[in-house]
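Asks: Dropping a structure here in structure tokens format, bear with me for questions.
The values are calculated or read from the model by the stated rules, or taken from the named source; none is laboratory data. Note that the structure is predicted; figures quoted are calculated from it, not measured. Methodologically, a virtual Cβ is constructed for each residue, glycine included, from the backbone with ideal geometry; neighbour enumeration extends over all protein chains shown. Side chains included, ligands, DNA and RNA excluded: accessible areas come from the protein's heavy atoms. Shrake-Rupley method; radii C 1.70, N 1.55, O 1.52, S 1.80 Å.
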Amino acid sequence: MRRGFLNSKAAKERLSSATAQQFEQIKVTSVDLPAVLEKPVVVPGSTFSPTDPPTHIWATLPQLYGEPSTECVLLRGSKEIILKTPGFPKRLPPANSPAAFRVAPSPGKGMGLFSTRPIKQGEIILWERPLLIAPRGVPTRFPPGSFSAAQMIQHHLDACEHFIAIAVNRMEENCRAAFMSLHNCHTHDGSGPLVGRFRTNGVALGGLDGVQHQTDKPYNAILEHVSRLNHSCSPNTQPFFDRATFAYKLYAVRDVPAGEELTYQYIDVLANKTARAESLKPYDVVCTCLACTENIAETDKRRSEIANIFPFVPTWLMNYQLPDDWLIKKCTALLELIDKEGLQHLEGYCMGTRAIMDSYICLGDSRNASKWAARVALRPWSECEAESYPVKELLDPGSPAYAQHPLWQMRMRMWM
Ligand SMILES: [Zn+2]
């Protein structure tokens, strides 16, 4: 992402007033490690009454082992979910040495991340604790009176700035500097300097409120490196948040040659080119990827087809009128379309791969199932995958795990 600094005098003044005076009003009670969360606080000021029950807490997580920690603004209930995560707080694995990426200028895009060596599909490029995790919006109370839409939006943006300022003030100096060095493309829409960076660099994060696989994820995470990934409509990486380590793993979703820019999807890449261009406007991005510049009609058609294929095993398993290879053919077509469009980061890619493996298990064909198990093992970046059963035991076609598998020969058993 474009690297930006807080240059204007007005912006500096706004930052200091948003941080210094508001932070002084907050009484935060620290607790001893490893009880890592701090007590709820109510934000005083024009937006909230001090008598309101606390809706958010500010916390530093995980604060252990001398590792980098994350400043968090958490919604009610998230604390319990984090603390109940098996293994939390887990140590970060050692970093790759030498690093598989470097930060460097990307022509026309500011700074970006680039591979320093060939990276294999499924490889973890880096582990990274976020600098900040916070909700994408905050509840806003309006004083009596009537307000225009613009005033209401401004009021909400000011409230968000207030919330983020508390967390940014709690950061260690180097983390705050890393946060402030990120690009801000929201300099003219009423966003403050902190919210501007938060909106520009946020990686959508779900699962901290107990709801998995939601499309509308309530949190944004800001990271020193992952947030610098530039957009592509055919991205070659996918970040995955691991709650136990409280860190993102950045996966390569296909083989990446040395020196290639690492990219991420900012918007819905299954939309057509016109809609994608519109969605990228708030990011100041005019995408020049192949999907946006060459064979646009064919690309749009393929993306629309991908959006309409759902690799769901029960649809086929429960319908005896469908041929035995119906789902396998459907998913094979899906994977070919995805490979052609360079969209391997999508859930559908991991789910389609697993659905083919499951189909062969349902048909009692362990030889083919094991071949697809090997591909499932190479595609671990999907949120759905993280909750699915492991495939290690299915790599050997002669493994007794097949006979014990709940789907084993299910297609035959269903219709006997
Ligand atoms: Zn594009």
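So that you can scan it fast, the table gives a plain yes or no per residue for (1) open to solvent by less than 40 Å² (accessible area, probe 1.4 Å); (2) farther than 24 Å from Ala252 by Cα:
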| residue | (1), (2) |
| --- | --- |
| Val376 | yes, no |
| Arg379 | yes, no |
| Ser382 | yes, no |
| Lys392 | no, no |
| Gly398 | no, yes |
| Ala403 | no, yes |
| Met412 | no, yes |
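Asks: Can you go through Asp325, Asp358 and tell me which one is out of contact with any Pro (no Cβ under 8 Å at 6 or more places or on another chain) and open to solvent by 20 Å² or more (accessible area, probe 1.4 Å)?
Replies: Numbers: Asp358 fails: open to solvent by 20 Å² or more (accessible area, probe 1.4 Å).
Asp325 is the lone residue from the list that is out of contact with any Pro (no Cβ under 8 Å at 6 or more places or on another chain) and open to solvent by 20 Å² or more (accessible area, probe 1.4 Å).
Asks: Can you name the residue in region 60-92 that is small (Gly, Ala, Ser) and modelled with pLDDT of 85 or more and is also most open to solvent (accessible area, probe 1.4 Å) among such residues?
Replies: Gly87
Asks: Would region 236-244 turn up any residue that is in contact (Cβ under 8 Å) with a residue 40 or more places away in the chain and more than 30 Å from Gln63 (Cβ to Cβ)?
Replies: Yes, there is a match, as at least one residue in region 236-244 is in contact (Cβ under 8 Å) with a residue 40 or more places away in the chain and more than 30 Å from Gln63 (Cβ to Cβ).
Asks: Does at least one position in region 227-242 carry a residue that is closer than 17 Å to Glu383 by Cβ, in the same structural domain as Leu61 (by TED's automatic domain parsing), away from the ligand (no atom under 12 Å from the Cβ) and of a type in the set (A, V, I, L, M, F, W, C)?
Replies: yes
Asks: Hey, does region 300-315 have a residue that's within 12 Å of the ligand (Cβ to nearest atom), surrounded by 13 or more Cβ atoms within 10 Å (Cβ to Cβ), under 30 Å from Ser191 (Cβ atoms) and over 21 Å from the mean Cα position of the chain (by Cα)?
Replies: Taking every residue of region 300-315 in turn, none turns out to be within 12 Å of the ligand (Cβ to nearest atom), surrounded by 13 or more Cβ atoms within 10 Å (Cβ to Cβ), under 30 Å from Ser191 (Cβ atoms) and over 21 Å from the mean Cα position of the chain (by Cα).
Asks: Oh, and also: When you scan region 221-228, do you find a residue that is surrounded by fewer than 22 Cβ atoms within 10 Å (Cβ to Cβ) and modelled with pLDDT of 95 or more, even just one?
Replies: yes
Asks: Out of Thr263, Thr332, which single residue is within 22 Å of the chain's Cα centre (by Cα) and at pLDDT 95 or above? Can you show your working first?
Replies: Working: Thr332 fails: within 22 Å of the chain's Cα centre (by Cα).
After ruling out the rest, the residue left standing is Thr263.
Asks: Mind telling me which of the residues Arg170, Arg129 ends up being buried (at least 17 other Cβ atoms within 10 Å of the Cβ) and modelled with pLDDT of 95 or more?
Replies: Within the list Arg170, Arg129, the selection yields Arg129.
Asks: Oh, and also: Quick test of your reading of the structure: Pro139 fulfils all but one of (1) modelled with pLDDT of 90 or more; (2) of a type outside the set (Val, Ile, Thr); (3) part of a loop (DSSP other than H, G, I, E, B); (4) open to solvent by 10 Å² or more (accessible area, probe 1.4 Å). Name the failing condition by number.
Replies: (1)
Asks: For region 225-260, what are the residues that are under 12 Å from the mean Cα position of the chain (by Cα) and farther than 30 Å from Pro86 by Cβ?
Replies: Correct list: empty.
Asks: A further question follows. Which members of region 283-292 meet the condition of being open to solvent by less than 70 Å² (accessible area, probe 1.4 Å) and within 9 Å of the ligand (Cβ to nearest atom)?
Replies: Result: Val285, Cys287, Cys289, Ala291, Cys292.
Asks: Against the condition aromatic (Phe, Trp, Tyr), more than 16 Å from the ligand (Cβ to nearest atom) and open to solvent by 20 Å² or more (accessible area, probe 1.4 Å), how does Phe246 come out, does it pass?
Replies: no
Asks: Among the residues of region 200-212, is any at pLDDT 95 or above, open to solvent by 20 Å² or more (accessible area, probe 1.4 Å), touching a helix residue (DSSP H, G or I) at 6+ places or on another chain (Cβ under 9 Å) and away from the ligand (no atom under 16 Å from the Cβ)? Talk me through it step by step, then tell me what you get.
Replies: To start, the set of residues in region 200-212 that are at pLDDT 95 or above comprises none.
Within region 200-212, none of the residues are at pLDDT 95 or above, open to solvent by 20 Å² or more (accessible area, probe 1.4 Å), touching a helix residue (DSSP H, G or I) at 6+ places or on another chain (Cβ under 9 Å) and away from the ligand (no atom under 16 Å from the Cβ).
Asks: Then there's this: Out of Leu205, Leu250, Leu223, Leu290, report the one residue that is farther than 21 Å from Ile119 by Cβ and either touching a residue at least 24 places away in the same chain (Cβ under 8 Å) or not assigned by TED's automatic domain parsing to the domain that holds Met171 (or both).
Replies: When all the criteria are applied, what remains is Leu205.
Results for (1) away from the ligand (no atom under 11 Å from the Cβ); (2) surrounded by fewer than 22 Cβ atoms within 10 Å (Cβ to Cβ); (3) without any contact (Cβ under 8 Å) to a residue 40 or more places away in the chain, shown as yes or no for each residue.
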site	(1), (2), (3)
Asp255	yes, yes, no
Ala258	yes, yes, no
Glu261	yes, yes, no
Gln265	no, yes, no
Val269	no, no, no
Glu294	no, yes, yes
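Asks: In region 271-282, how many are in contact with a strand residue (DSSP E or B) (Cβ under 7 Å, 6 or more places away or on another chain) and more than 11 Å from the ligand (Cβ to nearest atom)?
Replies: Of the residues in region 271-282, 0 are in contact with a strand residue (DSSP E or B) (Cβ under 7 Å, 6 or more places away or on another chain) and more than 11 Å from the ligand (Cβ to nearest atom).
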